[in-house]
Structure formats: C-alpha cells, structure tokens
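Structure record follows, encoded as structure tokens.
The values are calculated or read from the model by the stated rules, or taken from the named source; none is laboratory data. From a predicted model like this one, the values you see are computed outputs, not experimental measurements. We place every Cβ from the backbone using ideal geometry, glycine too, and count neighbours over all the protein chains shown. Heads up: the accessible areas ignore ligands, DNA and RNA and are worked out on the full protein's heavy atoms, side chains in. Shrake-Rupley method; radii C 1.70, N 1.55, O 1.52, S 1.80 Å.
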Amino acid sequence: MKTRTKHTTESWSLLLKRYSADILFFGITIFIPLYMENGYLNLTQAKAHALYMVVVAAATVFIISLFCTNKDKRTTDNAPRLNGLDFIVLGFALALSVSALFSQYIAEAFWGNAGWNVGTLTMLLLILMYFIVSRYYKSQINAWLFALAANVIIFLLTIIHSMGIDVLGLHANINPKQFYLYVSTVGNVNWLSGYLCMILPLLFVFFLLSTERTSMILYGAALILGILNILLCASESVFSGIWLCTFFALPFVCKESRHIQRLGALILAFGVCSLWIGVFPLFAAKRNSVNGLFSVILNWKTALIICLLGCLCCFVLPILWKKMSERLRRQVVIFLEIAIFLSSLALLYNAFNSYSDSWGSYRGKIWNASIDLFQNFRLKDRLIGVGPELLVHYYDGLTSYSLIVLTAHNEWLQWLLTTGVSGAVLWCSVFLWLMISYFRSHCWEQGKIAFFLPLTAYLGQAMVNSPNAMNIALFYLFLALYQNNIRKQHEI
C-alpha cells in the first residue's frame, strides 16, 4: 500500500504539470487569438489581459503540483537540465528586468502600457510559459484540431470583414477609413500578417505529412482559407516572413515527390483565390484599397501565371522528381537555395536603393529616428536600454499618418532601444541557436520542422513589425514546442 501511494502521488504531480502546459497551449492557440474586450479600441491591452489570465491559471495549477511531489528521493520527478537555449532565454529575462528597474518609468516599463503592452511583466510570463511547456507538454495530435477550429473562425471573419460586412460589430467605434485595416479578432492587418507567418507554415507541414485523407482535407481547407487571408490582409510584411521560411522549408519539401505535388496544389489554390478575389463583387471595395505588390498579384494575368505554375508543380514536377537520381535531386535543391539567397540579396539591394522616410508606409522615417535616438543615448542606455515599451517618451512627438509612434516597427530595433546591446545580443542569440540546431540535427528530415518554420517566419516579419502580446506569445509557444521535441528525441 505504501508503494502504491507513492506512485499515485508522483503521478498526480506530473499530471498537474502537464495540465498546466495544456492550459498554456490551448490558451495561446485558441483563447488569446479570439479574445476581445472593446472591439479594436483596446486590442493590444485585451490580448495582454488574455495572456495574464492564461499564464496565471497555468501557474496556479503548476504551483499546486509542487505540493504533490513525492518526498522520496528515489522516485522524484527531476526536470530536464538547462541547455544553451534555456540559458539564453534566462539571460534575456535578466536583461529585461535590469532595463526596467533602471528606467525612468519603472511602472510603465513593467506593465508596457505606454506601448503595445509587451512590457516586462508580459515577457517574464512568456518566459515562464516557455519553461513549463518545453518540459512538461505532452504532444497530442488531436489538440491541434481544436487550434485548427479556432483558426478557421479567425480566417472566416477576415474574409467576411473584407467583404465590407461587420458581422460582430467590431468596427463600430473606429474610423470608417480604417475599416479594411482591422479585421477578424486579430486586429491590424500587419498583426494578422505576423500571425499568418507562424500559423500557415505549421499547417503546411501538417498538410504535407498527412497520411490520412481526412486530415489532409482538413489541413488543406484551412490552408486555402489562410491563403485567402494573406491576399485580403494585403500586408507585404507577410512575404518577408514566408520568403525566409521558404529557404529552410525547401529541403523538407523536396524530400518526397508527394510533398512537391501537394505544394503545387497549394500554389494552384493561391492562383484560384487571387482570381476569385479579383472578380467577386463583394471584394470590390477591398480591391480598391490595395496597392503595391498585392495589386499585381490580384491582377487576373498574374493569377493565371500562378495557376499555371501550380499545375506544373502538381502534375509535372513530381514525375520528373521520381526519375531523378539522389545526387541530381541534391544539386537541384542546392541550386534553388542559392537562387533564393541571391534573390533575397537583390530584394534587399532594391529596398536599400529605394529607401527613404516614406519607405514601407513611413517605416523609413521611424527607423531613421530610432537610429538617431540610439546614437544619442548615454552609455548606460546603450548597454541596458531605456526600458520595455517606453519609446514614446523618447521619440519626441514622432508621428506617422498623424498618429503618435509608440514602437520602432522593427523588432530588432525595438529590443536594441529598449533593452540595449545586452538584450539585443541575447535576442539575436535565440535565432543563432535555432540556425545551429537546424543544420546540426538535419531538421528538414524530421517532423519538428513544423515548429521550426514558424520561428524563422517570425524572424522575417519581425524586420518590419514590432511585437504584440498575441504574436510574441505564439512565438514563445513554438520555441517551447521545438525545445520540447528536441528533449524527447534525446530521451529516445
């Protein structure tokens, strides 16, 4: 009886820890994206409030689990040892805390209410979430079906709003001119862009790996809705994320001819969706508000070219791929990787040549002001920053489209200014660790690439966007799931 009691106590301890990880998983993938308080008027605060509720609930369950721990040292449940990524995340937590404590506005740095509510509290809660999920989450494929359902709701709301139909009355209190800038329960189209950059690569991998027809249809349908969202949000920042993601996804896609065929089907769906948006009457007002690259994509001639490319990938390339030798396949992949890299350099060169204050919806103006600001910082501020979400106090009334600028609209610049060189180096180290892990573990040959690709996509879109509570929470969740997957492989 005594031995049995010990086993039961230990099991409850571990079970409660797993429950806390489940709360975090479902909270970040379902509750936070759908949660709203007052329409679009306080959306950044609402997402932060949702995050607080989720993490506090999970932390409560986790603390209870500590009291269930068996005191018998022979049967204790030891947490995994810290690795390189864990130390980097802890270091970033320290950098955030030091920056806030030595700032001129400690309370605002803690809550983040002078910016987009990604203050010290939000970040420390996310880091707590990272450690719980990375150690105690037990992967369940059915769990993703609930997250999939939530995303279908988000995608459908975007489509309905893009038809000019305010189905839930979310646009009632905002400027009518901004109707198409705010959609679904995600909000600003740039926030939606960042969200899509993480969710769609995940669904893409699940779609390619599907072995049953039902799951393939479910993930494929969700991806088509996601493609419609990309075209309707019309934020070019999505391409900076997806393009970088493509570089790392290519070896995985080219592993099997079946993967190439399914990619071709999605490219074909992209072209068909573009044609539909281009001719459907209810999208007329939305089409008139689109400019730049998306106005070209929504042109029927471009859409037909995309459809043709999709047909080639779907019906011709898989046949050719099967006939190629393994060596030739490897050479083709290397050639395509080099082509993607060189085209990226060409795009950067073009962006550099066309750079001005008005570049990227006046991001050029904000970035120039941010660089000037950093150059004028004292040594202390350069090293540890001015404090999270406090840039509004230093931009000296900087405006864009007659609105006061609260963030740097570039996550790399954001962390450099708010946490200094120390925080920025640690933030960059996260991605350096990911790159090393990708090549060292041949990530493209394993299912964990489903969690790696969203992280690289976030890296790309972060070049033109600042963090918000919802998207950075999703980033930390994928980081934790990737780490969790690595730990399980080491256990095996």
- Note on the structure: Restricting region 177-195 to residues that are open to solvent by less than 30 Å² (accessible area, probe 1.4 Å) and either hydroxyl-bearing (Ser, Thr, Tyr) or at pLDDT below 90 (or both), the one nearest to the chain's Cα centre (by Cα) turns out to be TYR195
- May I ask you to list the residues in region 133-145 that are of a type outside the set (Lys, Arg) and outside any loop (DSSP other than H, G, I, E, B)? VAL133, SER134, TYR136, ALA143, TRP144, LEU145
- State whether one or more residues within region 328-341 are free of Cβ contacts under 8 Å to residues at least 12 places away in the same chain, open to solvent by 80 Å² or more (accessible area, probe 1.4 Å) and closer than 22 Å to LEU225 by Cβ. no
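Residues are listed down the side, and each one gets a yes or a no for (1) of a type in the set (Val, Ile, Thr); (2) outside any helix (DSSP H, G or I); (3) modelled with pLDDT of 85 or more; (4) open to solvent by 20 Å² or more (accessible area, probe 1.4 Å):
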position: THR3; (1), (2), (3), (4): yes, no, no, yes
position: LYS6; (1), (2), (3), (4): no, no, no, yes
position: LYS17; (1), (2), (3), (4): no, no, yes, no
position: GLY27; (1), (2), (3), (4): no, no, yes, no
position: GLN45; (1), (2), (3), (4): no, no, yes, yes
position: THR60; (1), (2), (3), (4): yes, no, yes, yes
position: SER65; (1), (2), (3), (4): no, no, yes, no
position: LYS71; (1), (2), (3), (4): no, yes, no, yes
- From (1) of a type in the set (Ser, Thr, Tyr); (2) more than 26 Å from THR44 (Cβ to Cβ); (3) crowded, with 22+ Cβ neighbours inside 10 Å, pick out the condition that doesn't hold for TYR130. (2)
- Message: Please go through (1) in contact (Cβ under 8 Å) with a residue 24 or more places away in the chain; (2) surrounded by 13 or more Cβ atoms within 10 Å (Cβ to Cβ); (3) over 18 Å from GLY241 (Cα atoms) for MET324 and return the number of the only condition it doesn't satisfy.
- Response: (1)
- Message: I need a count of the residues in region 146-176 that are closer than 21 Å to ILE277 by Cβ, open to solvent by 20 Å² or more (accessible area, probe 1.4 Å), in a helix (DSSP H, G or I) and without any contact (Cβ under 8 Å) to a residue 24 or more places away in the chain.
- Response: 1
- If we take region 235-299, then helices (runs of 4 or more DSSP H) inside it with 2 or more residues that are surrounded by 16 or more Cβ atoms within 10 Å (Cβ to Cβ) and more than 24 Å from the chain's Cα centre (by Cα) are 257-279, 284-288
- Note on the structure: Within region 450-478, residues within 15 Å of LYS138 (Cα to Cα) and open to solvent by less than 10 Å² (accessible area, probe 1.4 Å) come out as LEU477, PHE478
- Message: Can you tell me how many residues within region 204-219 are open to solvent by 10 Å² or more (accessible area, probe 1.4 Å) and in a helix (DSSP H, G or I)?
- Response: 11
